[in-house]
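Here is the structure we will look at.
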Ligand code: PEP
């Protein structure tokens with residue numbers, strides 16, 4: 001675990017106006033000392049329309065923050081009204097893109113096949129996917145969560161090389177814990193995340209499984225991050241609501257203090 005750099009990624013979803021997006025990025029940069037940002041990788045995931053401004057701030061001032069988008073098209077260009085492609089995000093300097101978030105799976109009917117295409121599209125343009133997997137409450141109550149998440153993982157990684165998989169960040173986000181205030185217990189999170197690492201080890205023999213970073217997401221707050229990060233396979237968190245509050249997000253990033 002020590003060899004993997006922890007990551008705290010803030011998924012802003014469809015929130016903040018333009019000025020607020022700029023202000024939040026600036027507050028994070030001002031509040032987090034360089035040493036902290038070397039220790040923990042901090043990533044912001046703004047709406048598409050704010051990416052250019054966030055890029056200007058981060059690149060212009062050489063801030064040690066990473067940034068990325070919340071979705072991408074599986075296609076590089078073409079007649080896909082309203083979509084944003086991998087090459088467009090790469091031009092904006094995005095290092096990361098969220099793929100397969102449960103809100104897109106639910107509200108945009110994204111299935112495992114499309115999610116796998118998006119993973120490939122991101123990698124093809126040098127952007128690291130933050131691949132989300134996670135079960136709903138019905139699956140959890142039927143105790144099918146581990147199998148369900150491993151199946152989503154298998155489907156998303158099909159046809160990839162070990163080198164490609166090492167670039168991916170995988171977030172376990174139980175749907176019943178997203179935006180609900182219900183956090184999975186640290187044991188629940190470690191159970192699934194441990195199973196994900198084990199599955200990667202089986203599918204890609206060699207160092208891949210030890211290198212890939214695995215995050216937990218779902219109602220993460222400064223009050224629960226320490227116990228979540230204690231999980232031996234948990235390398236960070238994908239944070240929704242709490243990432244919109246600069247002070248709270250900074251407290252999460254400083255979980256070691
Ligand atoms: C998310 O949607 O990625 C998420 C984890 O949201 P929240 O932290 O608000 O539960």
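The numbers here are math on the coordinates, done by the rules we state, and not lab data. Being a predicted model, the structure only gives us computed values, none of them experimental. Don't worry about glycine lacking a Cβ; one is built from the backbone with ideal geometry, like all the others, and counts go over all protein chains shown.
Sort 244, 215, 19 by Cβ crowding within 10 Å, fewest neighbours at the top.
The order, fewest Cβ neighbours first, is 19, 244, 215.
Run lengths n ≥ 4 of DSSP H only: what is the helix-derived mean residue ellipticity at 222 nm for the chain, with -39500 (n - 2.57) per run over all residues, to the nearest 500?
The per-residue figure over the chain is -12500 deg cm²/dmol.
Mind checking the alpha-carbon convex hull of the chain and giving the volume per residue in Å³?
Output value, Cα hull per residue: 119 Å³.
By per-residue mean of other Cβ atoms within 10 Å, what is the highest-first order of 225-238, 147-160, 79-92?
Top to bottom by mean Cβ count within 10 Å: 225-238, 147-160, 79-92.
Gap in Å between the Cα centre of the range 71-132 and the Cα centre of the range 193-257?
If we compute the Cα centre of each part, the gap is 22 Å.
Ranked from highest to lowest mean number of other Cβ atoms within 10 Å per residue, what is the order of the peptides 200-209, 183-192, 127-136?
Per-residue Cβ counts within 10 Å, averaged per peptide and sorted highest first, yield 127-136, 183-192, 200-209.
Over the Cα atoms of the range 85-142, how large are the radius of gyration and the largest Cα-Cα distance (Dmax), in Å?
13.0, 44
If each residue's Cβ is checked for other Cβ atoms within 10 Å, how do 125, 109 rank with the fewest at the top?
By the 10 Å Cβ count, ascending, the order reads 109, 125.
Antiparallel versus total DSSP beta bridges in the chain: what percent is that, nearest 5?
0
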